[in-house]
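Each reported figure results from applying straightforward, stated rules to the coordinates on display, with no laboratory input. Please read these numbers as outputs of a predicted model, since none were measured by experiment. Backbone-built Cβ (ideal geometry, glycine too); neighbour counts: all protein chains shown.
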Amino acid sequence: MNMFEVDTPSTQSAIDKGSLTQAISNAKALRSKGKKVWCVPFARDASGVDIRGNAGTWWRQAKDKYARGHDPVIGAVMAFSSTRKLPMGHVAVVSQVVSDREILIDHANWSPSKVSLGMKVVDVSSKGDWSAVRVASNGSSLGRTYPIDGFIWNTSAE
């Protein structure tokens, strides 16, 4: 039985291949030692955004260090807000911008013990501002709505 699985839809990831390859390699190394793969180190490795701590703290920690906003950009970290369902928040890396209301993300631990590449995310916010999204979790089926703090870009805050 393979202890490390990667969910990969047919769409290719568009983020930096070297960083993504390193993030996947690091995740595989953890799994081979029987350790859990978390979203935070995966997003940090894949994006180059060097923030530590629970995912729910990333948006606040990025202030004055990294550029932040509400527009998805390839390679940016999407910061999910902490909720009852996601008490520690969640972070994912934008791998492709499909349209103004749809992106693909790469992330870890959305499904336990898995890295998921090219997962569809749809902006369902009433204002189209990426404050609420639905993530495809079972094939193309979109799951529940999750609040989003915004996107953290791997560039200095100005």
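Details
- Two-site FRET efficiency, Thr155 against Ala29, from Cβ-Cβ distance with R₀ of 22 Å, rounded to 0.05: 0.15
- Note on Thr57 and Ala132: the model spin-label points, each 7 Å out from Cα along the C-beta direction, lie 2.9 nm apart.
- Most tightly packed first, judged by the mean number of other beta-carbon atoms within 10 Å of their residues, the peptides 31-43, 93-105 read 93-105, 31-43.
- Legend: residue pairs Lys65/Lys127; Lys35/Lys120; Lys85/Lys120; Lys17/Lys114; Lys17/Lys63; Lys17/Lys120, Cα-Cα distance threshold 24 Å; pairs beyond threshold, Lys65/Lys127; Lys35/Lys120; Lys17/Lys63.
- The HN-Hα couplings worked out from phi for the range 32-44 by the Karplus form 6.51 cos²θ - 1.76 cosθ + 1.60 (θ = phi - 60°) are 5, 9, x, 9, 7, 9, 9, 5, 5, x, 5, 5, 4 Hz, whole numbers, x standing for Gly and Pro.
- Cα lying deepest toward the dipole's positive end in the chain, options Ser25, Val49, Ile105, charges on Cβ: Ser25
- Using a simple spin-label model with pseudo-atoms 7 Å out from Cα toward Cβ, Lys85 and Lys36 lie 1.9 nm apart.
- Residues of the range 125-155 falling in the label zone of Lys65, defined by backbone nitrogen less than 14 Å from a point 7 Å along Cα to beta-carbon, are 152-155.
- Neighbourhood charge, 10 Å Cβ-Cβ cut-off, centred on Ser131 and excluding it, Lys, Arg +1 and Asp, Glu -1: -2
- Sequence-distant contacts, meaning Cα pairs under 8 Å at least 6 residues apart, place the relative contact order of the range 5-156 at 27 percent.
- Here Lys36 is the anchor, and the aspartates and glutamates within straight C-alpha reach of less than 13 Å, apart from those fewer than 8 places off in the same chain, are Glu5.
- Under a model in which nothing but the beta-carbon of Lys, Arg (+1) and Asp, Glu (-1) is charged, the chain shows a dipole of about 680 debye around its Cα centre.
- Read-out P(r) over Cα pairs in 10 Å bins from 0, in percent, derived from the coordinates shown; its label in [x] 12, 44, 32, 11, 1; [y] 10, 33, 34, 18, 5, 0; [z] 12, 44, 37, 7, 0: [z]
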